[in-house]
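The values are calculated or read from the model by the stated rules, or taken from the named source; none is laboratory data. Treat the numbers as computed from the prediction; the structure is a model and nothing was measured. Here Cβ is always computed from backbone atoms with ideal geometry, including for glycine, and neighbour counts include all displayed protein chains. For accessibility, only protein heavy atoms count, side chains too; no ligands or nucleic acids. Shrake-Rupley method; radii C 1.70, N 1.55, O 1.52, S 1.80 Å.
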Amino acid sequence: TTMKSLRFISAEAFVSNAELARKSLSAVAHDLFPLLFKASYLLEQGEVIHDLVENWPLFDFNVGKLLGATLDYQEDLSHRTCSVCLESCLTGLRDYVLNQSSPYMKKLRVVDLTGIKDVEVQFCKCKKTMGRWARTQLLSKLCSELLVYLQQAQCNPGTFEISINVLIDLFVTERNYELVVQALLKKCSCPLKICCVAFRSDNLTLQKFFYIIKLADPSLLRKLEIVHNVHLEMEHLEILLNSIHFPLLMSLTLPARTFNVRRFTATDEQMLTNIGEKMGEMTQLTELSISFSILTGRIQKLLSPLKTPLKMLDVSNCSLNHADMAFLANSFHANHLEALDLSGHDIPELYPSTFFKLLSHCSSVLRSLTLEDCNIQDTHVNMLILGLSPCQKLQEFKFIGNPLSSQALKYLFTFLCELPMLKNVEFPVPRDCYPIGITYPIDDASLCGFDHQKYERVAEELNLILLQANREDVKASTPLFGSYDAAVQETNNELGAYLIKSFKETLEKFTISFNKMS
């Protein structure tokens, strides 16, 4: 348990009686509001949170900072996306604008909601979370309601002078698109002004995506994620980068199949060059994710115009060849890579020495390495250990889907205990837990067809290796269907419905053409 100061214990006692706390707020010193906010959040006192925000006496309200480690209470609560607390924050914000009892006191200029972290395990009592999609939805709804109310009601003229920038990471899909568009269109006249710092879109037509990304003010955008069911191909990406300027963009994620060099014409080659040059103009860009595209032999063309070294690169399942790996190993990016994902490439077969050269170049800064489905076998473990030994800052190593025996895993785990910063390991189901003759990469149908009891025994032995080395700080697991993704988790109903719909449409097309044939 984390130590609490006497001040924090007193704050908890004060807010635990909600009725009394709400009555007494007017007598509370302004500099105590942050302390009371964190205490209320810890105790999930929604009504008190609402009233604290409604009467917030300071210039800024930064949720990440308020909930982060403080002198009074070291524990970081910013990964508690408690529905009760967050809804109270946002409705409190709306009522801050409407509360006319103290207009001269209204100093609030910036609300920052970007420090909220969505994680898998929630510790709040209500067990109901409000993820990024739901926060986008609620804030947009409150902004629209606020405008309607201000137009109808007899408001204090001072209310219209209130202008608060609300920094948020937006997450837009087909289901909340209209609501977010309405809020963004009326941004000028609404006292709460949505400022989009990060934008994620999924399950959206290209037309809607292009419309809303312009509305969201790309000049402020730090992070752009276009994922899964946004069918963005290379020509659309070129249009996007030609028509919109992203001066502050630090992180870009593109959907699967954005590039496919197997179908390239001379025009496509020119298009790829243009895209590389446009990315080169983004002087802040340090994170790039382009998984599941076919980029064989073109990594240099895409990445060489970049002027800032990349700290994060995900080129998983991009069919990279030796030339691509050689470019990465020798590029100026190599010495700066803190996170690298090369999953889906047969590293030992195709370019073992070039890969290890890349690894040695980034070893002094590398924090996260993902090598899933890379055909790493027992005979490669010694070489892997040699390559990983200098990576003393490594915090996360994911290598599921590799044909390794339980014996090799134990040997590897004994070494992993020596990496001082390691926190998270995702390891494969041992090869000897599957039926003899299984082929890799294992298809989805066979993925669960292993001896579960044997796997549990091996997993226990691996955990014992960690325990005996005093490394209970390391979490080791086998997420068969990939790591936890908060955004996917939150919208999986909508995405599932979309996939079923597109599958049905494909079947119908197939049936029609089949009938024509017969």
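Worth pointing out:
- Zone residues, segment 171-192, relative to Ser163, backbone N less than 20 Å from point 7 Å out along Cα-to-Cβ: 183-192
- C-alpha long axis of helix 486-517 to longest principal axis of the chain, angle in °: 60 degrees
- A 1.4 Å probe run over segment 78-152, with the rest of the protein chains in place, finds 45 Å² accessible per residue.
- Against the rule of thumb 2.2 N^0.38 Å, how large the Cα Rg of segment 138-266 comes out: 1.23
- Dipole-positive endmost among Ala18, Ser343, Ser368 within the chain (Cβ charges, Cα centre): Ala18
- Set of aspartates and glutamates with alpha-carbon distance to Lys107 below 18 Å, sequence-local pairs under 8 removed: Asp31, Asp51, Glu54, Asp60, Asp95, Glu161
- With q set to 0.12, 0.19 Å⁻¹, the log10 of I(q)/I(0) for segment 6-108, from the Debye formula over equal scatterers at the Cα positions, is -0.34, -0.91.
- Note on Leu58 and Ser360: the model spin-label points, each 7 Å out from Cα along the C-beta direction, lie 5.0 nm apart.
- Carbon and sulfur %, accessible surface of the chain computed with the full protein complex present, 1.4 Å: 56 percent
- The angle between the Cα long axis of helix 6-16 and the main principal axis of the chain comes to about 70°, on a 0 to 90 degree scale.
- Cα-Cα over 19 Å, subset of Lys223/Lys278; Lys127/Lys223; Lys223/Lys398; Lys357/Lys423; Lys141/Lys193; Lys65/Lys125: Lys127/Lys223; Lys223/Lys398; Lys357/Lys423; Lys65/Lys125
- For the pair Met383 and Arg257 in one chain, pulling the backbone fully straight at 0.36 nm per residue adds 42.1 nm over the alpha carbon distance.
- Helical content of the chain, expressed as a calculated mean residue ellipticity at 222 nm, amounts to -13000 deg cm²/dmol (DSSP H runs of 4 or more residues, -39,500 (n - 2.57) each, divided by residue number, nearest 500).
- Its Cα gyration tensor gives segment 412-486 an equivalent ellipsoid, and the semi-axes of that ellipsoid, as √(5λ) in whole Å with the largest first, are 25, 15, 10.
- Placing unit charges on the Cβ atoms only, positive for Lys and Arg and negative for Asp and Glu, gives the chain a dipole magnitude near 980 debye about its Cα centre.
- Rg ratio for segment 342-411: its Cα radius of gyration over 2.2 N^0.38 Å, N being its residue count, equals 1.03.
- At most 12 other Cβ within 10 Å, DSSP loop - GluC sites (Glu not before Pro), segment 451-485: Glu472
- Under conditions of 20 °C and 1.002 mPa s, segment 19-172 yields 134 µm² s⁻¹ as its translational diffusion coefficient, taking Rh as the Kirkwood radius over Cα pairs in the Stokes-Einstein equation.
- The phi torsions of segment 437-444, fed into the Karplus equation with coefficients 6.51, -1.76 and 1.60 and a -60° offset, translate into couplings of x, 5, 9, 10, x, 6, 6, 4 Hz, rounded to whole numbers, with Gly and Pro shown as x.
- Percent breakdown of C-alpha pair distances by 10 Å bin, ordered from the shortest bin, for the chain: 3, 16, 23, 24, 19, 11, 4, 0, 0
- In this structure, the amide hydrogen of Ser405, modeled 1.01 Å from its nitrogen in the peptide plane, lies closer than 5 angstrom to those of Asp378, Arg431, counting only residues at least 5 positions away or on a different chain.
- Percentage of interatomic Cα-Cα distances in segment 1-50 larger than 16 Å: 29 percent
- When the alpha-carbon atoms of segment 335-492 are used, the pair Rg, Dmax equals 15.4, 43 angstrom.
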